[in-house]
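Below is one structure, written out as structure tokens; the observations come after it.
The values are calculated or read from the model by the stated rules, or taken from the named source; none is laboratory data. Everything numeric in this text was worked out from a predicted model, so none of it was measured. Counting neighbours? That spans all protein chains shown, and the Cβs are built from the backbone with ideal geometry, glycine included. The accessibility values were calculated without ligands, DNA or RNA, using every heavy atom of the protein model including side chains. Shrake-Rupley method; radii C 1.70, N 1.55, O 1.52, S 1.80 Å.
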Amino acid sequence: MVNDVSDWPNVSIEDTEEQRAQAKKISDEIDDAIQRERRAKEEKRPPRKVLLLGPSQSGKSTLLKNFHLLFAPKSFHAEAEAWRAVIHLNLAQSVNFILDNLSTPNTISPGNKLFLRQDAGPDVGQLRIRLSPLRQVEISLNQCLTVEHEATPRRPISLYNNILRTEGTSKSSIRGGSAWKALAKSQTLHSSIKSELQKTRSILDACRDDIVSLWSDPAVREQLKKQGTTLEDSSVFFLDNAFRVAARDYIPTADDILRARLETIGVEEHRIVMETADAGEEWIFYDIEGSRGQRVASWVPYFDDVHAIIFLVSMADFDQSLPDDPQVNRFADSFTLWKTVCENKLIAQTPVMLLLNKADLLQEKLSAGIFFAQFVKEFGDQPNDLKSVSKYFKTLFMAAHDIHSPKERRLFVQTTCAIDTQAMSLVLREVKEVILVAMLKGNMI
Ligand SMILES: Nc1nc2c(ncn2[C@@H]2O[C@H](COP(=O)(O)OP(=O)(O)OP(=O)(O)O)[C@@H](O)[C@H]2O)c(=O)[nH]1
Ligand SMILES: [Mg+2]
């Protein structure tokens, strides 16, 4: 038995209290850390997931670009280098396409005039020779944008079916996760690709006066018109801006990027980390190919997992048929597709937003004297103006939604022009709010 305090272990009462205080401090710190971690976990909400649906060329990828520009401008502009390559490809292909369409069989030998002309405009035969390096530009850019760094064969890009509205031969394609994405993150670029891109820029710069001469030649326009060759809107835009776009020091503007056309192939997943509002939050967009054979079956796997669906329709396609089925009118096709989406049980509870897009092109067509009722008989004798036609779209699509949806669901509808960044910023802020409110109501966040 120990009676003498001197035999006790060398621990004073003060020391024990100090130790206790120390232990409590450590314990409190641990508790705080656990709390902080828990709060951080709660604050780090899961990403918002949005599915973009609609027929081909309705503007799905353009809407996504707008969202990117508005909420993550730094990372949007960081992709400018890759977009420059796409825009240059657009331009080179448009020029090559025009030259191909101006030529008549057996007139390919150098110096041959493409057609006889009475005025003193530029010699198209000479232009054709001077612009021949653009063939190589097209091939090189095609490779840079589609060939993965591993040796997987890729479908080549051809924007021809986008350039020529009346024909549909091959597809323009950039695949999700392909070289296009690597190009968008230019710091990962192989030096050979960098030098190839430099070369194409030099060639375009050397050709720019000739591109302008070709495109501004009234006889060339007349010839294309006579043949019924109609250029796509985005091709016309880049040809109109060729002097600026082909310049050596060209940097794409946001407007240029919105106009650049790349057909989506399959499903592309885009992750956008917000910079301007709700900084740090992540939004995931599934941008889905809208061409026919790739539809609902490939969309269904995403239905389960998304917080909202944005469906886009082009209001300006009413006078066109599908490239792969000339019997089917594009307006009718969009409507059928819309009904299929509405009636799907898997998304009965998912908020759906309908954007009636390309209001500007619709306006242009109606002003040019194209009658909506000629293609959509049910429109009857209503005024052939933007207000009446867009109201018709809205009423028809809303009614179909209400009839075909398995459960009652609120529908957000808006007419849009996806190349108008200012107007789109208002629409997208609203779209974002609608999605967040719907998620809150459904306890999805
Ligand atoms: N004038 C005009 N052009 C638009 C509008 N919206 C999109 N575009 C253009 O239309 C073309 C097609 O748009 P995309 O966004 O690529 O269409 P998409 O729905 O993604 O098409 P897929 O990828 O084939 O399914 C692009 O050149 C866009 O710049 C619009 O409101 N007005
Ligand atoms: Mg697309």
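The table below lists the values:
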item: Inter-label distance, nm, simple model (7 Å from Cα along the C-beta direction), L440/F243; result: 5.2
item: 3J(HN,Hα) from dihedral phi, segment 201-213, Karplus parametrisation 6.51/-1.76/1.60, rounded to Hz, x for glycine, proline; result: 5, 5, 5, 4, 4, 5, 8, 5, 4, 5, 4, 4, 4
item: Solvent accessible area, Å² - I139, 1.4 Å probe, full protein context; result: 90
item: Under-5 Å amide H pairs with F311, H placed in peptide plane, nonlocal only; result: L53, M353, L354, L355
item: Cα-based Rg of segment 371-445 normalised by 2.2 N^0.38 Å, two decimals; result: 1.41
item: Tail fraction, Cα-Cα pairs, segment 325-433, threshold 16 Å, whole percent; result: 64
item: Segment 261-390: proportion of alpha-carbon pairs further apart than 22 angstrom, %; result: 48
item: Label-point gap, in nm, between A399 and D319 - each point 7 angstrom along Cα→Cβ; result: 2.5
item: Mean Cβ count within 10 Å, highest first, over the residues of peptides 46-58, 238-250; result: 46-58, 238-250
item: 5 angstrom amide H check on G266, placed H, neighbours 5+ away; result: E289
item: Förster radius 22 Å - calculated FRET efficiency between I139 and S216 (Cβ-Cβ, nearest 0.05); result: 0.25
item: Selected from M353, F393, F372, residue furthest toward positive end of dipole (segment 340-412; charges at beta carbon); result: M353
item: Distance (nanometres) between label positions extended 7 Å along Cα→Cβ at A23 and Q227; result: 9.1
